[in-house]
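Working notes, beginning with the structure itself.
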Amino acid sequence: MGAIRTRLRRWHVWLGWLVALPFLFWTVSGLVMVAKPIEEVRGEHLISPPKPIIVGSGLVAPQVEGRQVLAVTLEPRADGPRWEIDFAGGEKRLADPATGRLLPRLGAADAAKELMARYTGAAKVAEVSRIDANSPPLELRRAMNGWVVRMSDGAHFYLDGGSGEIIARRTSWWRIYDFMWGLHIMDLQGREDTHNPWVVSFGALSLGMVLLAFILLPLTIRRKNGRNGNGNGRNGNGKASAPAK
């Protein structure tokens, strides 16, 4: 029994060293991710809700003859109400509700104007760049044909080039949070796969270490009790004790 206990203890120690690093990663990343409210991380306070639309008479339906349409909604934009048309295939476009004419896709200046119409922060526009739908940045994690507006404080705002819709907000803290999330799930490349071999393997090793601890605990207690007991009326030298007078 002693040899088995020694072997199990040795396995437990080596497993502890093996899973110490991922445990450190999980703890540190978890603490960082809860350091700020998720609403602040997402930058929800930086974009104001859309303003109510005052609908007048004389609305003209958008001119979309010959194209399959999934939805048409009247949305507020920087220059006033616009038809937002969701075409089959994923493309979105704007149309003038006064004439029904499809409007051109947004340029860089249009994207910045749409953002600033709802932006509530204090930073300034530093750069506006086009997003390649075939190679979107990691922080966006989706294909999009549009623009990214980079602010002077490091925040990024992604706008659809056809509809002017603000697709995503990425603050500087969001990028720290995103890195920690990738560290937490052990997927720093895509930061989405929570079932990757690394996290599964280290999770299984951690479970093995815990199960070994449950096995070793009663063995250790039993051994300790055996050492502390005097055993059937014998003293610590193994000799019979004299009866008390």
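Laid out as a table, the results:
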{"quantity": "Hey, ARG67 within 28 Å of HIS156 (Cβ to Cβ), of a type in the set (Lys, Arg), open to solvent by 50 Å² or more (accessible area, probe 1.4 Å) and assigned to a loop (DSSP other than H, G, I, E, B) or not", "calculated": "no"}
{"quantity": "Options SER129, SER135, SER152; residue that is of a type in the set (Ser, Thr, Tyr), under 22 Å from SER48 (Cβ atoms) and loosely packed, with under 14 Cβ neighbours inside 10 Å", "calculated": "SER152"}
{"quantity": "Residue list for region 70-81, filter: touching a strand residue (DSSP E or B) at 6+ places or on another chain (Cβ under 9 Å) and open to solvent by less than 100 Å² (accessible area, probe 1.4 Å)", "calculated": "ALA71, VAL72, THR73, LEU74, GLU75, PRO76, ARG77, PRO81"}
{"quantity": "Residues of region 82-102 classified as surrounded by 11 or more Cβ atoms within 10 Å (Cβ to Cβ) and in a loop (DSSP other than H, G, I, E, B), total", "calculated": "8"}
{"quantity": "Lone unmet requirement of (1) under 30 Å from THR120 (Cα atoms); (2) part of a helix (DSSP H, G or I); (3) open to solvent by less than 70 Å² (accessible area, probe 1.4 Å) for PHE179", "calculated": "(3)"}
{"quantity": "Cβ pairs under 9 Å, 6+ apart, first in region 12-27 and closer than 14 Å to TRP198 by Cα and touching a residue at least 60 places away in the same chain (Cβ under 8 Å), second open to solvent by 50 Å² or more (accessible area, probe 1.4 Å) and in a helix (DSSP H, G or I)", "calculated": "LEU18/LEU205; VAL19/LEU205; PRO22/TRP198; PRO22/LEU205; PHE25/HIS184; TRP26/HIS184"}
{"quantity": "Sole exception among (1) outside any helix (DSSP H, G or I); (2) modelled with pLDDT under 90 for THR6, by number", "calculated": "(1)"}
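The values are calculated or read from the model by the stated rules, or taken from the named source; none is laboratory data. The structure displayed is predicted, hence computed values, not measured ones. A quick note on method: Cβ atoms are made from the backbone with ideal geometry, for glycine too, and the neighbour counts reach across all protein chains shown. Calculation scope for accessible area: heavy atoms of the full protein, side chains included, ligands and nucleic acids excluded. Shrake-Rupley method; radii C 1.70, N 1.55, O 1.52, S 1.80 Å.
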